[in-house]
Every structure is written in C-alpha cells, then in structure tokens.
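K.L.:
Here's a structure for you.
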Amino acid sequence: MMEYKISVIVPVYNTEVYLNQCIDSVLNQSYKNIEVILVDDGSQDGSLEICKQYKKKDNRITIIHQENGGLSYARNQGIKKATGEYIM
C-alpha cells in the first residue's frame with residue numbers, strides 16, 4: 001500500500017507558550033510520512049528559536065521565517081513550500 005506524504009502547515013506568531021505542545025502533537029502521530037512546515041510570521045517572542053530547536057531534532061521540519069503578513073499569507077507561503085500529496 002502506498003503511503004501518501006502529508007504536508008502539515010503550522011502558522012506561528014507569538015505562540016511560544018503553546019508551540020512545543022503543538023509541534024509535539026503533530027510529530028507524535030502514528031502516521032510518519034509527513035512534513036511539518038512551520039511558518040514564523042514575524043514573531044516577537046521566542047517562537048522562532050523553538051522552531052529552530054525542533055528542526056535540529058527532526059528532518060521532517062521546514063521553517064519559513066518572514067515579516068508579519070497575517071494568517072492567510074503565512075498559510076499561503078506554507079502551501080507554496082509544501083511537497084506532500086495532501087495539505088493540512
């Protein structure tokens with residue numbers, strides 16, 4: 001059976017309090033053929049550093065860092081970078 005790759009896009013903006021829990025939840029799913037695209041949308045807290053720490057530990061993670069453009073813009077940037085057959 002073919003396992004389709006799933007791209008999970010996570011917009012990130014000043015979410016350092018919840019970010020570990022969010023990323024852990026995505027990475028610890030039983031389905032492992034995923035890529036996680038963390039789109040830091042100009043965070044002013046420690047969110048980008050948390051993203052970088054996870055990227056060092058898991059090669060399924062991609063980080064996009066950009067100036068704040070809003071939620072829809074962040075999602076669209078993630079979609080452009082996605083390589084999976086399905087996007088979440």
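Quick note: the coordinates plus some simple rules give every number you see, no bench work behind them. Bear in mind the structure is a predicted one, so any value in this text is a computation, not a measurement. Every residue, glycine as well, gets a Cβ built from its backbone with ideal geometry; the counts of neighbours run over all protein chains shown.
K.L.:
Output the peptides 69-78, 26-35 sorted from most to least packed, where packing is the average of other Cβ atoms within 10 Å over each peptide's residues. The partial results should precede the final answer.
P.N.:
Numbers: 69-78: 15.6, 26-35: 12.2.
Highest mean packing first, the order is 69-78, 26-35.
K.L.:
What is the list of residues in the stretch 1-19 whose amide nitrogen lies under 13 Å from a point 7 angstrom out from the Cα of residue 33, following Cα to Cβ?
P.N.:
Within reach of a label on residue 33: 1-7.
K.L.:
So what's the chain giving for Rg/Rh, alpha carbon basis, Kirkwood Rh from the mean inverse pair distance?
P.N.:
Values: Rg = 12.5 Å, Rh = 13.0 Å.
Here Rg/Rh amounts to 0.96.
K.L.:
Follow-up question, since we're still on this one. Name the residues whose placed amide hydrogens come within less than 5 Å of the amide hydrogen of residue 37, ignoring near sequence neighbours (fewer than 5 apart) on the same chain.
P.N.:
Those qualifying (amide H under 5 Å, at least 5 residues apart or on another chain) are 8, 9, 10, 62.
K.L.:
What percent does the relative contact order of the stretch 13-88 come to when contacts are Cα pairs within less than 8 Å and at least six residues apart?
P.N.:
On the way: 84 pairs, mean separation 26.5, N = 76.
Dividing the mean separation by the residue count of the stretch 13-88 yields 35 percent.
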